2 protein chains.
Amino acid sequence: MPREVGARSPRSRPLRQSPSMADVAAMAGVSSQTVSRVANNRENVDASTRERVLAAMKMLGYRPNTAARALVTGRFGTLGVISFDISAYGNARTFAAISDAAREADLFVNFMGARAQTGAAVRQAFQQLMVQSVDGIILIESQILDTPELRLPSTVPVVFADGDTGHRYANVDIDQAEGTRSVVAHLLGLGHRTVWHVAGPRDSYAARRRAEAWHRSLKDAGSVVPPLLYGDWSATSGYRAGRELAGRPEVTAIFASNDQMALGVMRALQEAGRRVPQDVSVTGFDDVPEAAFFPAPLTTVRQDFDAVGRHCVTLLLEQIGGGTGSPRQASVAPVLVVRESTAPPAG
Amino acid sequence: MPREVGARSPRSRPLRQSPSMADVAAMAGVSSQTVSRVANNRENVDASTRERVLAAMKMLGYRPNTAARALVTGRFGTLGVISFDISAYGNARTFAAISDAAREADLFVNFMGARAQTGAAVRQAFQQLMVQSVDGIILIESQILDTPELRLPSTVPVVFADGDTGHRYANVDIDQAEGTRSVVAHLLGLGHRTVWHVAGPRDSYAARRRAEAWHRSLKDAGSVVPPLLYGDWSATSGYRAGRELAGRPEVTAIFASNDQMALGVMRALQEAGRRVPQDVSVTGFDDVPEAAFFPAPLTTVRQDFDAVGRHCVTLLLEQIGGGTGSPRQASVAPVLVVRESTAPPAG
DNA sequence: CCCCCTGATGTTAACGCAAACATCCACGCG
DNA sequence: CGCGTGGATGTTTGCGTTAACATCAGGGGG
C-alpha cells in the first residue's frame, strides 16, 4: 500500500537538475577529479583529456557549484560592499567601479546598505556580510569609531573607500585636503578676502576633512575664518545655507562641500538678487556630470571615483592573497576644474 | 623520520576556525541536528534546550556556514541584480530600494553590472549570475530582444524593473505613458500649440515608451508632432539638443525625457537669451532631488523608484516561493510635479 | 637492466549542514 | 493496564567539490 509521500520518490529527483562533475566525468570517461582539474585550469592534465572534458562540459551545460566549492575551499569568490546612501553620485560611481574591477578579477559583489551613517549601523551590515559569505569587505564613505566595542571583527580583509582613516585598516582616499586647498587658493587668488564654507553633515568623514582643510588653508593664508555652516549634502540644505549667506553683504566667495549644495546656494543667491559670479563666487566639490550646466557653470573639484573603486579592489586582493605586512593606503589626487561660477570680487 | 610535510599537521588546523554546528552541539550537550533546528527556528525544540543552544551559539560566536547550507538546500538566500549604469539616479535609487527590501526578507544582493545596454551584455551578466549563486534575478532598466538566441535561461525566477515588457517575465513598471500624457496635457493646457521632445537614447525602453506616448498624446490632442530630437540622458546631450531648439523661434515648450537633459536644455536656452519659462517652457522626467533648484525650478514627473524596487523583490519572492501561475506585472504611477519652468506661451 | 623520478590520473575523505528516518519518552484513552 | 500517539531528540546520509594521497606508466641514468 503506497503512502502518499512515496509518490515523490524521495531521493531520485527526475527533474533535470544541473549536471555535476560526476555527470561530466561519466560522459568524458574520466574521474571527477580530472574534471575538477580542468575546471580549475590546472596544468597537469593531458591536452587531449582536457579537450574531451571541455567538450563534455559544454555538451551538458555544466556550471560549477559555487556552494560546494566554497564549502571545501573556504572561499566564496565574493566581495562585500557596504555603503550608506548608494544613490549619492560619488558612492554610486565608486560602487560601479568596484563592481567592474571585481568582475575583472572574477569576483562577485555582495552589496549591503547601512541603515545609517553610524558606527553601529556599519557594524551591523558588517556582521551580516561576515556570515561567511565574503572574502573581503569594502566600506564606502563610512566611518567607524575605533573604540574597542565598535572595532570590526578582524577575520576578514577590509578596505575603506574614502572613509575614516587613522585606524588599522587599508584605505583608499581622495586627497580632500589637497582638493580643498586648491579651491581656497583659487578663490583667494582671485582677490577674495576670505571664503565661506557650507560643510557636509557632521557624521561624514569626507565632509569633516574638507572643513578642516578649509579652516587651515584660510589660516595659513592669514585670512579670517568665517563661521561654518552645515548642510547634509542635499541641494535643499545648500539652499537653506545660501539664504543665510545671501543676507550678508560681506560674503563674496562660498565653497560648498559638494556640487548639490552649491546648486542650492546658487539658487538662494539668485533669488536674493545676488549674481554668480559677479557678486558672489561659488564652488562645489565632486564635479557631477551636470556641474557644467548649472546656472553658472560650476567651478569645482573633480574626484576620480573610478580610480578609488579600482584601488579598493586591488588593495583588497592584496590582503586576500598575500596578507603580508600592514594594510596599505592609496591616495587619489583630485583636480580643480575652473568654470564660470568664480570671478574676482566686485569693486 | 618525520617528513617535512608533516610539520604542517595536515588535518588538524589549530588556527581558530569559525565554529560549526558540531562545536555548538558539543557545548550544549545536544546533537548537531538540534542545533540546526534552533538555527532554523523550528518549532519542535524544547524551550530549555533552545535556550541552552542559543547560549552556546552566542558563547562560541557561531555563524551558520552559508555555503554548506546552500549546498544542501540548493538555495543561496541571494538575489542577483543586473543594471547597466548604476550611477544614474533612477537606477541607483531602485537598486537601493531593492537592497533594503532584500535585507528585510533576509536575502543578500549580488550586483552585476552589464557592460552595455545590449541584449548580449545583459545575457552575459545573467549567465555569470546564474552560476548557481542566486535564487532570482532582477534586471533594472534592461531590455532584451525576445529572439530565441537571446532568450534568457529559464531555470531562475526573473523580474524586470522598468524594462522591456511584452515578454514572458515578471515586470515592475513605471507607467511612462501616463506620466508623459500628464506632462503633455499640462503644457497644452497652458496654451502651447505643441510640445517638442528631447528623447533618451534609442536603446532605452523607458525612453522609447516616453517618446511613443508623447507622440500619441500630441496626435490625440490634434497637435502637430514636431521632429524628435535624441539625447543620451546626459545634460551635455540635452544642451546640444537645446542649442538646436533655441534657434527655432516657434519652439515654446520642450519636454525632455529626463531631468539632466532638461537642465542642459535650459542652459542652452539661457545662453541663447531665451528665458524659461517666459519664452520657453521646459519639463523633465524623474524629479531628481536637485530639480527644484534648477535655474527655473523644474516641472517634472516624479517616479517612485522605491516602490519599484520593493515591488521587484515582492514579485521575485512570489516566484521563488510559489511559482504558481504566470509571472505577474506591477505598475507604479508617476505624478506630475508642477514648478516654475512651465508657463503659458508669450503673446 | 634496474631503479627512481616525473607527470597523468584515480581514489578517498572531508567540508558543514539539513532531509529523512529512527528512537525515545510521556501521556491519555479504551 | 497496555497500547497508540505525538512531540522532542538523535542517527544516518548525501549535497558537489577539492585536498591529499595512491597508483600507474614511461624514461633516463648508473
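The values are calculated or read from the model by the stated rules, or taken from the named source; none is laboratory data. Given the structure is predicted, the values throughout are model-derived calculations rather than measurements. Heads up, the Cβs are rebuilt from the backbone with ideal geometry, glycines too, and the neighbour counts pull from every protein chain shown. In case anyone asks, the SASA skips ligands and DNA or RNA and just uses the protein heavy atoms, side chains included. Shrake-Rupley method; radii C 1.70, N 1.55, O 1.52, S 1.80 Å.
Summary table
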item	result
Scope the stretch B:271-288; condition within 14 Å of another protein chain (Cβ to nearest Cβ) and surrounded by 19 or more Cβ atoms within 10 Å (Cβ to Cβ); matching residues	B:V276, B:V282, B:G284, B:D286, B:D287, B:V288
Candidates A:P289, A:P277 - the one that is in a loop (DSSP other than H, G, I, E, B) and over 19 Å from A:V195 (Cβ atoms)	A:P289
Residue in the stretch A:53-87 that is most open to solvent (accessible area, probe 1.4 Å), counting only those that are of a type in the set (V, I, T) and within 7 Å of chain B (Cβ to nearest Cβ)	A:T66
Residue among A:A207, A:A213, A:A262 that is aliphatic (A, V, I, L, M) and either within 14 Å of chain B (Cβ to nearest Cβ) or not in a helix (DSSP H, G or I) (or both)	A:A262
Which numbered condition A:H311 fails, given (1) open to solvent by 20 Å² or more (accessible area, probe 1.4 Å); (2) more than 14 Å from every other protein chain (Cβ to nearest Cβ); (3) part of a loop (DSSP other than H, G, I, E, B)	(3)
Some residue of the stretch A:122-131 being at pLDDT 90 or above and either surrounded by fewer than 17 Cβ atoms within 10 Å (Cβ to Cβ) or in a loop (DSSP other than H, G, I, E, B) (or both)	no
Filter result (in a loop (DSSP other than H, G, I, E, B), within 14 Å of another protein chain (Cβ to nearest Cβ) and touching a residue at least 40 places away in the same chain (Cβ under 8 Å)) within the stretch A:218-255	A:W233
Options B:A346, B:A296, B:A246, B:A333: the member that is under 28 Å from A:A268 (Cα atoms) and open to solvent by 70 Å² or more (accessible area, probe 1.4 Å)	B:A346
Given (1) more than 14 Å from chain B (Cβ to nearest Cβ); (2) at pLDDT 95 or above, index of the condition A:V30 fails	(2)
Residue in the stretch B:231-240 that is among the aromatic types (F, W, Y), within 27 Å of the chain's Cα centre (by Cα), outside the structural domain of B:D85 (by TED's automatic domain parsing) and open to solvent by less than 20 Å² (accessible area, probe 1.4 Å) present	no
Lone unmet requirement of (1) open to solvent by less than 60 Å² (accessible area, probe 1.4 Å); (2) near DNA strand D (Cβ under 9 Å from one of its atoms); (3) not polar (S, T, N, Q) for B:G90	(2)
Residues that are more than 10 Å from DNA strand D (Cβ to nearest atom) and either of a type in the set (S, T, Y) or within 18 Å of B:T73 (Cα to Cα) (or both), drawn from the stretch A:33-77	A:S48, A:T49, A:F76
Counted residues, the stretch B:93-119 - those being more than 16 Å from DNA strand C (Cβ to nearest atom), surrounded by fewer than 22 Cβ atoms within 10 Å (Cβ to Cβ) and in a loop (DSSP other than H, G, I, E, B)	5
Inter-residue pairs, beta-carbon under 6 Å, first closer than 13 Å to A:R69 by Cα and in the stretch A:30-46, second within 8 Å of DNA strand D (Cβ to nearest atom) and not in a helix (DSSP H, G or I), 6+ apart	A:A39/A:P64
Flag for A:A125 being over 13 Å from the mean Cα position of the chain (by Cα) and among the small types (G, A, S)	yes
Residues located in the stretch A:168-195, provided they are under 19 Å from A:V265 (Cβ atoms) and assigned to a loop (DSSP other than H, G, I, E, B)	A:L190, A:H192, A:R193, A:T194, A:V195
Which numbered condition B:S18 misses (of (1) open to solvent by 30 Å² or more (accessible area, probe 1.4 Å); (2) closer than 26 Å to B:L315 by Cβ; (3) in a loop (DSSP other than H, G, I, E, B))	(2)
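Yes/no matrix, rows are residues, columns are (1) among the hydroxyl-bearing types (S, T, Y); (2) out of contact with any Phe, Trp or Tyr (no Cβ under 7 Å at 6 or more places or on another chain); (3) within 16 Å of DNA strand C (Cβ to nearest atom):
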{"site": "A:V53", "(1), (2), (3)": "no, yes, yes"}
{"site": "A:P64", "(1), (2), (3)": "no, yes, yes"}
{"site": "A:T73", "(1), (2), (3)": "yes, yes, yes"}
{"site": "A:T78", "(1), (2), (3)": "yes, no, no"}
{"site": "A:V81", "(1), (2), (3)": "no, no, no"}
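Table: residues versus (1) touching a helix residue (DSSP H, G or I) at 6+ places or on another chain (Cβ under 6 Å); (2) in contact (Cβ under 8 Å) with a residue 40 or more places away in the chain; (3) outside the structural domain of B:A185 (by TED's automatic domain parsing); (4) within 20 Å of B:Y239 (Cβ to Cβ).
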site	(1), (2), (3), (4)
B:V265	yes, yes, no, yes
B:R274	yes, no, no, yes
B:D279	no, yes, no, yes
B:T283	yes, yes, no, yes
B:V288	yes, yes, no, yes
B:A296	no, yes, no, yes
B:V338	no, yes, yes, no
B:S341	no, yes, yes, yes
B:G347	no, no, yes, no
